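See below for the structure under consideration.
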Amino acid sequence: MKKIDISSNINGIKLTSCIMNASGVLCCTEKELSEIMMSSSGAVVTKSCTMIPREGNLEPRYFKWNMGSINSMGLPNLGIDFYLNFLEKKKPKKPFFLSISGLSIEENYQLIRKANLSPNINAIELNLSCPNLIEKKDQGLLGYDFYKTSDFLDNLFKFYKKPLGVKLPPYFEDFHIKKMAFILNQFPICFVTCINSLPNGLFIDINHETTVIHPKKGFGGIGGSIIKPFALANIRKFYIYLRKDISIIGCGGICSGKDVFEHILCGASAVQVGTQFFQEGIQVFDRLKKEFISILRKKNYFSIENFKGQLNVI
Ligand code: HRO
């Protein structure tokens, strides 16, 4: 039987499996990161970090139902020094993506300067799309401010020379995706991760007539299978509009091998698993890998390059 290869290459960063964890889920502490390191996840992605550790928002701040999840975690993390020390101490044998999410553009520059000094980081995943910051309730997501994003990237690429990807919020208009792709195409971006959770969702407990999470009056980011069509649409459009050397990492609604296949068919080079990882734990990577390989075998494909981006329109 011919071997099926599910490895991938994110602009020179080699992954033995194209399935990895999404930032934010079970990737905050030393124990959680070590578990990902030992698992069949193709990479280790950290929780988005800030300069100093944060407790995050008050609980309850996460809720899952059959079709998705809502969260308002508020960026709880152990601070950039912890993640850089973890990397130096453990030296993972798979790519290590440091996710950063400063509370201001100035903090993002500080974080990037610090990461720039670390020799072992494979790439930064710059989070332009955290939806749940109470401190920033009167400011929009950076990823929705095209002018600020462009100016920010312009300044950061003057001093940052290592691989960098951006994690984007979902866009709902073709025009917005075209505009963001036009901006990203002007910079040496390594990859784009789309999408972060859908901001400002609301889920209700009808029995108690309440929200299901406490922070921000119950509003939070929506993830899980319910957001998959939006993830696929963003992946597809970015695949069409971005420079061909910018890889896409798909995120949003990966629960089965079929979902992995769909993301890659739309143009993703790899996928990240968030809500389903939280639900199922570390075994999710083995299961998804098995299911994905079984689909490829049935379709007579031997590598993701056989079908990546090759979605047909009926
Ligand atoms: O910590 C969070 O509340 C959070 C972040 Cl940083 C993010 O990027 N996406 C999300 O759904 N939650």
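Miscellaneous remarks
- Those residues of the stretch 57-102 which are under 23 Å from K14 (Cα atoms) and either over 16 Å from the mean Cα position of the chain (by Cα) or surrounded by fewer than 18 Cβ atoms within 10 Å (Cβ to Cβ) (or both), in sequence order: Y83, L84, N85, F86, L87, E88, K89, K90, K91, P92, K93, K94
- Residue match in the stretch 206-214 (condition: within 14 Å of the ligand (Cβ to nearest atom), within 14 Å of M73 (Cα to Cα) and open to solvent by 10 Å² or more (accessible area, probe 1.4 Å)): yes
- Just one of the listed residues (G56, G24) is touching a residue at least 40 places away in the same chain (Cβ under 8 Å) and near the ligand (Cβ under 10 Å from one of its atoms), and it is G24.
- Flag if I121 is modelled with pLDDT under 95, hydrophobic (A, V, I, L, M, F, W, C), open to solvent by 10 Å² or more (accessible area, probe 1.4 Å) and within 19 Å of the chain's Cα centre (by Cα): yes
- The set of residues in the stretch 132-159 that are modelled with pLDDT under 90 and either surrounded by fewer than 21 Cβ atoms within 10 Å (Cβ to Cβ) or in contact with a Cys (Cβ under 6 Å, 6 or more places away or on another chain) (or both) comprises L133, I134, E135, K136, K137, D138, Q139, G140.
- The lone exception for I112 - which of (1) more than 13 Å from the ligand (Cβ to nearest atom); (2) assigned to a loop (DSSP other than H, G, I, E, B); (3) touching a Phe, Trp or Tyr at 6+ places or on another chain (Cβ under 7 Å) it fails: (2)
- Number of the exception - F175 against (1) open to solvent by 20 Å² or more (accessible area, probe 1.4 Å); (2) of a type in the set (A, V, I, L, M, F, W, C); (3) within 16 Å of the ligand (Cβ to nearest atom): (3)
- Of all residues in the stretch 104-118, those that are open to solvent by less than 50 Å² (accessible area, probe 1.4 Å) and closer than 19 Å to P53 by Cβ total 6.
- Number of residues in the stretch 290-310 that are touching a helix residue (DSSP H, G or I) at 6+ places or on another chain (Cβ under 8 Å) and open to solvent by 70 Å² or more (accessible area, probe 1.4 Å): the value is 2.
- Between I314, I240, the distinction of being more than 22 Å from S129 (Cβ to Cβ) and open to solvent by 10 Å² or more (accessible area, probe 1.4 Å) belongs to I314 only.
- Complete set of residues in the stretch 233-260 that are part of a helix (DSSP H, G or I), out of contact with any Asp or Glu (no Cβ under 6 Å at 6 or more places or on another chain) and without any contact (Cβ under 8 Å) to a residue 40 or more places away in the chain: A233, I240, K258, D259
The values are calculated or read from the model by the stated rules, or taken from the named source; none is laboratory data. Just so it is clear, the structure is predicted and the values come from calculations on it, not from any experiment. Glycine also receives a Cβ, built like all others from the backbone with ideal geometry; neighbour counts cover every protein chain displayed. Quick note on the areas: whole protein, heavy atoms, side chains included, nothing else; ligands and nucleic acids left out. Shrake-Rupley method; radii C 1.70, N 1.55, O 1.52, S 1.80 Å.
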